[in-house]
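Have a look at the structure below before the remarks.
The values are calculated or read from the model by the stated rules, or taken from the named source; none is laboratory data. No experiment lies behind these values; they were computed from the predicted model shown. Virtual Cβ from ideal backbone geometry, glycine too; neighbours counted across all protein chains shown.
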């Protein structure tokens, strides 16, 4: 009976310790999220690291730590932590997409593409995957694929001025000026103060031979603080 009593007492202590540890790690995690949302990412990393040290098998803690490393540009650490998160939850589209983003920044394009494709299989119509692949293909010079991905992202979210603007930029690189004009205008319809899109529209109109509208757009971009727009305006 005495032995049984000691065993019960031991398990009771273990349970109490585990609960206390869970509570501490949970509070650290919440503090990290609050710090990250406030822009204090470096401080958030410290909180997430402590939460992970207490509960290394908690997927969410590993994922948030990986995000924070990524935001700080600590890319090797981000890769390792995303991989740990994926080992804990292989079907996390967010973790695979995050790992793909980091691989892309490190210019490991083949690995990045594989991770984006995995994320896309796990989560259909994942806009961030299309945007990430578009950047990847753009950096590789595969412009047809890049614009295809931006258009898919824009179709999913017709309010995304970013997808429209970046599609326009790729069309510009391809010297497809009518298409560039169309998507610069779509971006400006969604965000009229997007001065970079105004500048791009002016240049595309100029290349397309629409001199009058080009001058109007370049002047607006010049007034918006883009010095290169002022320079092009003076040359017309």
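Going through 231, 166, 175 one at a time, which residue ends up being modelled with pLDDT of 95 or more and surrounded by fewer than 22 Cβ atoms within 10 Å (Cβ to Cβ)? Break it down stepwise before answering.
On the way: 231 fails: modelled with pLDDT of 95 or more; 166 fails: surrounded by fewer than 22 Cβ atoms within 10 Å (Cβ to Cβ).
Going through 231, 166, 175 in turn, just one is modelled with pLDDT of 95 or more and surrounded by fewer than 22 Cβ atoms within 10 Å (Cβ to Cβ): 175.
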Would segment 88-106 turn up any residue that is without any contact (Cβ under 8 Å) to a residue 12 or more places away in the chain and either part of a helix (DSSP H, G or I) or under 15 Å from the mean Cα position of the chain (by Cα) (or both)?
-> no
Taking residue 186, is it at pLDDT 95 or above and surrounded by fewer than 16 Cβ atoms within 10 Å (Cβ to Cβ)?
-> no
Do we have any residue at all in segment 122-141 that's over 24 Å from residue 93 (Cα atoms) and either surrounded by fewer than 18 Cβ atoms within 10 Å (Cβ to Cβ) or touching a residue at least 12 places away in the same chain (Cβ under 8 Å) (or both)?
-> yes
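Which of the residues that make up segment 28-45 are in contact with a helix residue (DSSP H, G or I) (Cβ under 6 Å, 6 or more places away or on another chain) and either crowded, with 17+ Cβ neighbours inside 10 Å or not in a helix (DSSP H, G or I) (or both)?
28, 29, 31, 32, 35, 36, 41, 44, 45, listed by residue number.
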Answer yes or no: is there a residue in segment 119-128 that is at pLDDT 95 or above, out of contact with any helix residue (DSSP H, G or I) (no Cβ under 6 Å at 6 or more places or on another chain) and not in a helix (DSSP H, G or I).
-> no
Could you tell me whether residue 117 is on the phi < 0 side of the Ramachandran plot, without any contact (Cβ under 8 Å) to a residue 24 or more places away in the chain and under 17 Å from the mean Cα position of the chain (by Cα)?
-> yes
Residue within segment 83-94 that is at pLDDT 95 or above and within 27 Å of residue 161 (Cα to Cα) present | yes
Exactly one of 198, 173 is within 30 Å of residue 124 (Cα to Cα) and out of contact with any strand residue (DSSP E or B) (no Cβ under 6 Å at 6 or more places or on another chain), and that residue is 173
